[in-house]
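The next block holds one structure in the form of structure tokens; read it before the comments.
Nothing in this text is a laboratory measurement; each read-out follows from the coordinates by a stated rule. Fair warning: this is a prediction, and the values are worked out from it, not measured in the lab. Using ideal geometry, Cβ is built from the backbone for each residue, glycine included, and neighbour counts are taken over all protein chains shown.
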Amino acid sequence: MTTTTLYALHEHIRRVMALNYQHPLWITAEIAQIGRSRGHFYLELVEKGAGGDLVAQGQAVLWAMDYRRIQATLGNHADEVLREGLQVRLQVRVDFHERYGLKLQIADLDPAHTFGQLELERRQTVQILQQAGLLDQNRSLSLPQVMQRVAVVTSGDAAGFQDFREHLEQNNFGYRFHCQLFATAVQGKNAIVGVREALAKVTTKQADFDCIVILRGGGARLDLSAFDDRELCKSVALMPLPVLVGIGHETDETVLDLVAHTSLKTPTAVADFLLQHHLLFENDLFRCAEQLRVLSGFRLKLSALELERGESDLLWGCRERIKSAARQLDGYEAQIPLIAQQRLSKQEQFLTQAELLCAALHPDKVLRRGYSLTSHNGKLVTCPDELQRGDLLETRLSDGIVHSTVV
């Protein structure tokens, strides 16, 4: 059995690789880890399968001299691409050293590939959120008429947050705001988890706030990639409070801008939006006060006219009632003599009839018809049982009186 040394094996591998990889070639991979020392970049590259499992891993280096050359060509895009978690397309020279092993030396970068991958993922995220009906979920919430209690999600030492707070505190309208900071990283690999955790904390205190503001200052284009994260955007879409976004970009639009209630360019623009919202509310109050003043004046004038009309109606009504009463009195005055005459005639007829009746029933007329009236002690006798033997009776006849004794 033939035996060789490790060095000889590595030297053989180096020559084989040198013969087969004489020219640089382009590869795609994900940057799992990146470090920098004395101007050199040391990258840990990985490739993941469909299920997210690691299928390949390797090391790459970007020497300072090559970095300066690439930066002179690509400008800031070079720094934007060299970030952990991004898919990159690299032109590499395959180098194998007997002592240090395999290392890929980066000769060039293709930012368009990285941006293209991010844009593809962004479009997929937008499509999924749209199918789930989440793009307009937060936007469907009504903004409170006054938004003074603001939950701010951003980095505590971010310049954008300072500008936002100073803009609110030093406003010329005298409006007061209560801003509570929920500090978190808003860029880098910890931004997604940090922002989601901050939003979860806000949710537990949602009754204490009127709205949520997510802020970030200016930065590179790829710094915005965290705000294209699907789960982060879902969290924002499902927040129970309106979410205002000002993440410091002028042209690029993130998925977060699409799911938020209101998207603005900068933190200062968010502060201006809050001030304008309050100003509109104050103007509404002034307009309502003016409308109330005008309507009150109109109602007062209308009421005054109604009172005048009522007074006039009452005056004319009283006059008419007096005239009507006077006419009735005149009528009564003319009718009273007639009525009195009629009443007197009726009473005279009644008296005449009564007199005739009394005359017809007078005792003298009865006596002249042959009847008599017997009395005892001045009391008419109508029953024999009322008398006793020896009682003196007086009997009145038509022509005289007869006295008798009961025997």
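The table for this structure:
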| quantity | calculated |
| --- | --- |
| C-alpha long axis of helix 111-131 to longest principal axis of the chain, angle in ° | 30 |
| Angle in degrees between helix 191-204 and the longest Cα principal axis of the chain, rounded to the nearest 10 | 20 |
| Gain on full stretching of the segment that runs from R139 to H403 - 0.36 nm per residue minus C-alpha separation | 81.7 nm |
| In degrees, nearest ten, helix 159-169 long axis to first principal axis of the chain (Cα) | 20 |
| Sparse-neighbourhood loop sites, trypsin sites (Lys or Arg not before Pro) in region 326-389 - DSSP loop, at most 14 other Cβ within 10 angstrom | R369, R389 |
| Residue-wise HN-Hα coupling along region 391-407, computed from phi with Karplus coefficients 6.51, -1.76, 1.60 (Hz; x: Gly, Pro) | 5, 8, 10, 10, 10, 9, 10, 5, 10, x, 10, 10, 9, 8, 10, 7, 10 |
| Extended-chain gain in nm, criterion 0.36 nm per residue less alpha-carbon gap, Q148 and D391 | 74.8 nm |
| DSSP beta bridges in the chain [antiparallel fraction, %, rounded to 5] | 65 |
| Relative contact order of the chain, pairs being alpha-carbon contacts under 8 Å that are 6 or more residues apart, as % | 11 |
| Spacing of the two label points (7 Å from each Cα toward its C-beta) at H178 and A50, in nm | 5.4 |
| Lys, Arg +1 and Asp, Glu -1 on Cβ, resulting dipole of region 284-407 about Cα centre, debye, nearest 20 | 320 |
| Hypothetical label at F286: residues of region 137-177 whose amide nitrogen lies under 15 Å (7 Å Cα-Cβ projection) | 172-175 |
| Dipole magnitude of region 364-405, debye to nearest 20 (Cβ charges: Lys/Arg +1, Asp/Glu -1, about Cα centre) | 180 |
| Gaussian network model of the chain, Cα within-10 Å springs - most flexible of T154, T374, T204 | T374 |
| Aspartates and glutamates whose Cα lies under 16 Å from that of K205, excluding same-chain neighbours fewer than 8 positions away | E197 |
| Unit charges on C-beta of K, R, D, E only; dipole of the chain, Debye | 320 |
| Among L387, L329, L232: highest mean-square fluctuation, GNM of the chain, C-alpha pairs under 10 Å | L387 |
| Ranked list, fewest to most other Cβ atoms within 10 Å of each Cβ, for C383, C179, C211, C318 | C383, C318, C179, C211 |
| Per-selection Kirkwood Rh - the chain (Cα, Å, 1 d.p.) | 32.4 |
| Per-pair calculated FRET efficiency, R0 = 35 Å: E333 and L357 via Cβ, rounded to 0.05 | 0.40 |
| At most 13 other Cβ within 10 Å, DSSP loop - GluC sites (Glu not before Pro), region 97-184 | none |
| Helix-only mean residue ellipticity at 222 nm for the chain, each DSSP H run of n ≥ 4 adding -39500 (n - 2.57), per residue, nearest 500 | -16000 deg cm²/dmol |
| Given the chain, longest segment not containing exposed loop chymotrypsin sites (Phe, Trp or Tyr not before Pro) (DSSP; at most 12 other Cβ within 10 Å) | 174-370 |
| Counting all C-alpha pairs of region 297-407, share separated by more than 21 Å (%) | 71 |
| Gyration tensor (alpha-carbon) shape descriptor, region 48-121, a/c threshold 1.5 | oblate |
| Listed residues F298, T405, L45: farthest to the positive end of the dipole of the chain (Cβ charges) | T405 |
